[in-house]
Every structure is written in structure tokens, then in C-alpha cells.
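Below is one structure, written out as C-alpha cells; the observations come after it.
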Amino acid sequence: MTKFTFRFFKEVIRPRYEFNEFLRQSYLIGYKSFPLVAVTGLILGLVLTIQSRPTLAQFGAVSWLPSMVAVSIIRELGPAITALIFAGKVGSGIGAELASMRVTEQIDAMEVAGNNPFKYLIITRVLATTLMLPLLVIAGDAISMYGAYIAVNIKGTISFHLFFLQVFQSLDFSDVFPAVIKTFFFGFAIGLIGCFKGYNASNGTEGVGVAANSAVVYGLLSVFLLDMIAVQITSLLT
């Protein structure tokens, strides 16, 4: 895995650049994942708000509901949940696709033809996951907050303007910036692990299932580990 990572950084700066394939992978990885992220974000905002309201009502702090939900989603829940969904959908897809190409000897054929399969298959997919996940997280957070607005109005009444005014007043730069930055690392880890497992698959068709499964498992584990590290660094700097 270490050698694979070093090879990625070595190859990514070398021409030729597969720009068209990068755009295609960004479309498949980012745009095609948006409906799932949108539905998940909407449900997250609804559920978190509905579950939090009774507890805040006991202390007469229902007015703090928009602020509490905003900080919870933007800081932690939005990036983490979106990354987990992303790892399950995209990580498994990359692992299975590359493993299928490996066991059917398509990657070997590319090498024999004088092409660079690492540049065409790995670099484009890892860059796409690294850049698309932050965009999906931002979109998912926005949809989550709209879901929270809907949930607040189920048992109460608050205007759209007042709700989001409270949301933005409760957020600081130290809440938003670290949450966005760590999603780049989430996307990079998910893409790199999926590519590594698929590119080095073996044992025929059985290896395809193993690659897809291990790409998801290790991708999820990497998200949790990176999130823990990011929280520790953020707490030291703030």
C-alpha cells in the first residue's frame, strides 16, 4: 500500500494527463452519487432535529435547535455520514471494476499495448474521489439544513430567513474550514484504497468480490481513523 501511494504521487505529476477520463470519472463518481447523498442528507437533517427537540424542550431551549443542529451537521455528522455513504457506493464500485479488469487481463493488455494503466485507471479515479467528495459534502450539508428547517416547522413555526440567520450566526470559520479540509483526505483515502484493492486483485472471479468487500471495509475504517486524527488536530489548534 505504501509503494502504491508513492507511485501515485510519482505518476500524478508526470505527463501525459488523462483529462477526459478524469472528467468522465468525476461525472460517474460525483454526479451519479448526488441523489443518494441528497436523500441521506435530507433524512439526517429531519431525524436529528426531531430527535433533539424533546430534550431541548425539557430545558426550555427550543430556540437553540437551529444552532445546535447546524453545528452538529456541519462539524461532524455531515462529512462523516457522506463519506461513509461515498465509501460504500464508490469504493466498492472502483474495487469491483478494477478487479474485473485485472482478472480478465484487460490491465495486462494495456501494458502490452504500451499504455500506462496506472495513469489512466488509478490517477483519474483517485483525483476524482478527492475532488468530488468535498463538493458532495457541501451539497449534503445544505440539504440537511433544509431538512432541519422542515422538521422545525412540524411542531412549530419559524420563517426560512430567521432559521438560516440563526444557523449562520452559530457557525464560525473554525467550524466550517476543518470540516471541509478533512473531506479531501476522506476522498483520497477511499479512492486510493478502492484502486489498490482492485488493481492488485487475484484468484479469478472470487477476487472481484474480495476486492469490492475489502475496499468498503478498509475505506470505512480509514474514514473513522482520519476523522479521529482531524478532531484531535482541530482541538489542539482551537
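The values are calculated or read from the model by the stated rules, or taken from the named source; none is laboratory data. On a predicted model such as this, the values are computed, not experimentally measured, just so you know. Here the Cβ is made from the backbone with ideal geometry for all residues, glycine too, and neighbour counts use every protein chain on show. Areas reflect the complete protein model, heavy atoms only, side chains present, ligands, DNA and RNA absent. Shrake-Rupley method; radii C 1.70, N 1.55, O 1.52, S 1.80 Å.
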### Task
Return the only residue of Arg75, Arg102 being more than 12 Å from the chain's Cα centre (by Cα) and closer than 15 Å to Lys182 by Cβ.
Arg75
### Query
Here is a list of conditions, (1) out of contact with any helix residue (DSSP H, G or I) (no Cβ under 6 Å at 6 or more places or on another chain); (2) farther than 28 Å from Leu220 by Cα; (3) free of Cβ contacts under 8 Å to residues at least 60 places away in the same chain, and Met110 meets all of them except one; can you say which number that is?
(1)
### Message
One residue is enough: does the range 90-106 have a residue meeting the conditions free of Cβ contacts under 8 Å to residues at least 12 places away in the same chain, at negative phi, part of a loop (DSSP other than H, G, I, E, B) and of a type in the set (S, T, N, Q)?
### Response
yes
## Note on the structure
For the range 107-118, the count of residues that are in a helix (DSSP H, G or I) and either closer than 15 Å to Ala201 by Cβ or open to solvent by less than 70 Å² (accessible area, probe 1.4 Å) (or both) equals 6
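Yes/no matrix, rows are residues, columns are (1) buried (at least 18 other Cβ atoms within 10 Å of the Cβ); (2) closer than 30 Å to Ile107 by Cα:
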residue: Tyr120; (1), (2): no, yes
residue: Arg125; (1), (2): yes, yes
residue: Lys155; (1), (2): no, no
residue: Phe185; (1), (2): yes, yes
residue: Gly194; (1), (2): yes, yes
residue: Asn200; (1), (2): no, yes
residue: Ser214; (1), (2): yes, yes
